[in-house]
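Student: The structure under discussion is supplied below as C-alpha cells; questions concerning it will follow.
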Amino acid sequence: NEHPFQHSSSHSGRNFWVPVAHLLVTRGATWEPEVRDHAGRSQLMMMFSGPAPPSKDWGTLLGLVHDALAAGVDPNATDKDGATALSLVEIRDHIGDMLMPQIWQILTDHIADPTQEQKYNRSRLHHAQSAVGRISAVR
C-alpha cells in the first residue's frame, strides 16, 4: 500500500498544505462555512493567503476550491480588513501566478456580489495598462 506522501519530497514545509488539505478532505474532513481564523478569513480565503502551491498541486487546489464552494463557503465573505477571496486572488495574479485566472473564473461562477467582479475587472485593466506603459518605456 502506497503512502499518500511518498512522492512529495519536492514540497517544502511552506508549500505542503495542498496535499494535506486534500488528504483531510478525502478522509472525511468537512468544510465549515462559518469558520474564521484570527484575521476573520474563511477557509476559502485561507487557501489564497499563504504561499502558492507548486504547479504540480494546482489541479488539487482547483478541486479544493470547487469542494469548498459546493459545501457553502461564501466567496463574498470578508475578513477584518475587508478583503475577499477575490481580492486575495487578484494579489496573487499580479505576482504572476498562472493558476489565479482559473481560480478567478471558478469564484466568479459562484459569486453573488457583482460589484466584486466589477472592482476586479477595473483593477485588472489598470494593471494591464501599467504593464503596457512599462514595456513602452523600455523600448
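Student: Which residues, taken from the range 54-68, are surrounded by fewer than 19 Cβ atoms within 10 Å (Cβ to Cβ) and touching a residue at least 12 places away in the same chain (Cβ under 8 Å)?
Tutor: Step one: list which residues in the range 54-68 are surrounded by fewer than 19 Cβ atoms within 10 Å (Cβ to Cβ), which gives 54-56, 58-60, 62-63, 66-67.
Correct list: Pro54, Ser55, Lys56, Trp58, Thr60, Leu62, Gly63, His66, Asp67.
Student: Give the residues of the range 78-93 that are surrounded by fewer than 16 Cβ atoms within 10 Å (Cβ to Cβ) and assigned to a loop (DSSP other than H, G, I, E, B), sorted by residue number.
Tutor: Here is the first cut: in the range 78-93, the ones surrounded by fewer than 16 Cβ atoms within 10 Å (Cβ to Cβ) are 80-82, 91.
Across the range 78-93, the qualifying residues are Lys80, Asp81, Gly82.
Student: Quick check on my filter: what residues within the range 19-60 are among the hydrophobic types (A, V, I, L, M, F, W, C), over 19 Å from Gly72 (Cβ atoms) and under 11 Å from the mean Cα position of the chain (by Cα)? Working first, answer last.
Tutor: Filtering the range 19-60 for residues among the hydrophobic types (A, V, I, L, M, F, W, C) gives 20-21, 23-25, 29, 31, 35, 39, 44-48, 52, 58.
When the remaining residues are screened for being over 19 Å from Gly72 (Cβ atoms), the result is 20, 23, 39, 52, 58.
Passing the criteria: Ala52, Trp58.
Student: Can you tell me which of Pro75, Pro101 is within 15 Å of the chain's Cα centre (by Cα), assigned to a helix (DSSP H, G or I) and under 21 Å from Ile111 (Cα atoms)? Spell out how you get there, then give the answer.
Tutor: Details: Pro75 fails: assigned to a helix (DSSP H, G or I).
From the options Pro75, Pro101, the qualifying one is Pro101.
Student: So how many residues does the range 5-38 have that are assigned to a loop (DSSP other than H, G, I, E, B), open to solvent by less than 40 Å² (accessible area, probe 1.4 Å) and at pLDDT 55 or above? Spell out the reasoning first.
Tutor: Here is the first cut: in the range 5-38, the ones assigned to a loop (DSSP other than H, G, I, E, B) are 5-16, 27-38.
Then keep just the ones that are open to solvent by less than 40 Å² (accessible area, probe 1.4 Å); that gives 8, 11, 15, 33, 37.
Okay, now just the ones that are also at pLDDT 55 or above, so 15, 33, 37.
Matching residues across the range 5-38 total 3.
Student: Go through Pro75, Pro51 for me and flag whichever is in contact with a helix residue (DSSP H, G or I) (Cβ under 9 Å, 6 or more places away or on another chain) and surrounded by fewer than 16 Cβ atoms within 10 Å (Cβ to Cβ). Don't jump to the end; show me each part of the working.
Tutor: Numbers: Pro75 fails: surrounded by fewer than 16 Cβ atoms within 10 Å (Cβ to Cβ).
Within the list Pro75, Pro51, the selection yields Pro51.
The values are calculated or read from the model by the stated rules, or taken from the named source; none is laboratory data. Quantities reported herein were computed from a predicted structural model and do not represent experimental measurements. So basically every Cβ, Gly included, is an ideal-geometry build from the backbone, and we count neighbours across all protein chains shown. To get the accessible areas, we keep the full protein, side chains included, count just its heavy atoms, and leave off ligands, DNA and RNA. Shrake-Rupley method; radii C 1.70, N 1.55, O 1.52, S 1.80 Å.
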